[in-house]
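Undergrad: My questions will all concern the structure given below.
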Amino acid sequence: GASYFVVGDDERFARVVADWETRGIARQWTDTFSAFDADGTETRKSGPMRWSAPAGSRSLVLDLADGVDVESGREVERV
């Protein structure tokens, strides 16, 4: 699974993530990483806020699927 996710510009997803944060399902992780060159020189690289799911990314899927009827073992004929 994914180690982290970013929210981006989608306001609908931002609202979902804000709700996850309130309920402790997701939390802000970092917007900066350290990269090391072959000689050991560290370079700090920043970007968008990365989010994590303390209980794993599966917990996000389970939350999104809450209330959705899910069937397995059937062949999808059309979407």
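Undergrad: Taking the chain as a Gaussian network, Cα atoms linked when under 10 Å apart, which of E21, E11, E42 shows the biggest mean-square fluctuation?
TA: Checking each option, the largest mean-square fluctuation is seen for E42.
Undergrad: Moving on. Each residue of region 28-41 in turn: what ³J(HN,Hα) in whole Hz from Karplus with 6.51, -1.76, 1.60 and θ = phi - 60°, glycine and Pro shown as x?
TA: Along region 28-41, the couplings run 5, 10, 6, 10, 9, 10, 9, 10, 10, 6, 4, 8, x, 5 Hz.
Undergrad: State the extension gain, in nm to one decimal, for the chain segment bounded by W29 and R15, taking 0.36 nm per residue of separation less the distance between their alpha-carbons.
TA: Value of the extension gain: 3.3 nm.
Undergrad: Which percent of the accessible heavy-atom area of the chain goes to carbon and sulfur, probe 1.4 angstrom?
TA: That fraction is 47 percent.
Undergrad: Loop sites only, by DSSP: take the trypsin sites (Lys or Arg not before Pro) in the chain that have at most 11 other C-beta atoms within 10 Å and name the longest stretch containing none of them.
TA: Answer - 1-73.
Undergrad: Let me ask another. Roll a 1.4 Å probe over the protein chains and send me the accessible area per residue for the chain in Å².
TA: That works out to 84 Å² for each residue.
Undergrad: Hey, another quick one. If you take the beta carbon distance between V70 and M49 as r and set R0 to 25 Å, what does 1/(1 + (r/R0)^6) give as a FRET efficiency, to the nearest 0.05?
TA: 0.25
Undergrad: Could I ask something else about it? Go ahead and set up a Gaussian network model of the chain, Cα springs under 10 Å, then flag whichever of T41, T30, T22 fluctuates most.
TA: Looking only at T41, T30, T22, the largest GNM fluctuation is found for T41.
Undergrad: Another question, if that's okay. Using θ = phi - 60° and the Karplus curve 6.51 cos²θ - 1.76 cosθ + 1.60, what whole-Hz ³J(HN,Hα) does each residue of region 61-78 get, with Gly and Pro shown as x?
TA: With coefficients 6.51, -1.76 and 1.60, one gets 5, 4, 5, 5, 7, 4, x, 9, 6, 10, 10, 10, x, 10, 7, 7, 8, 6 Hz.
Undergrad: Before anything else, pin down the relative contact order of the chain: Cα pairs under 8 Å, at least 6 apart, normalised by residue count, whole percent.
TA: Here the relative contact order equals 31 percent.
Undergrad: Here's a follow-up. Project the alpha carbons of region 1-60 onto their principal axes and report the range along each, largest first, in whole Å.
TA: 43, 24, 18
The values are calculated or read from the model by the stated rules, or taken from the named source; none is laboratory data. Remember, it's a predicted structure, so these values are computed and weren't measured experimentally. So basically every Cβ, Gly included, is an ideal-geometry build from the backbone, and we count neighbours across all protein chains shown. Surface areas here come from the heavy atoms of the whole protein model, side chains and all, with no ligands, DNA or RNA. Shrake-Rupley method; radii C 1.70, N 1.55, O 1.52, S 1.80 Å.
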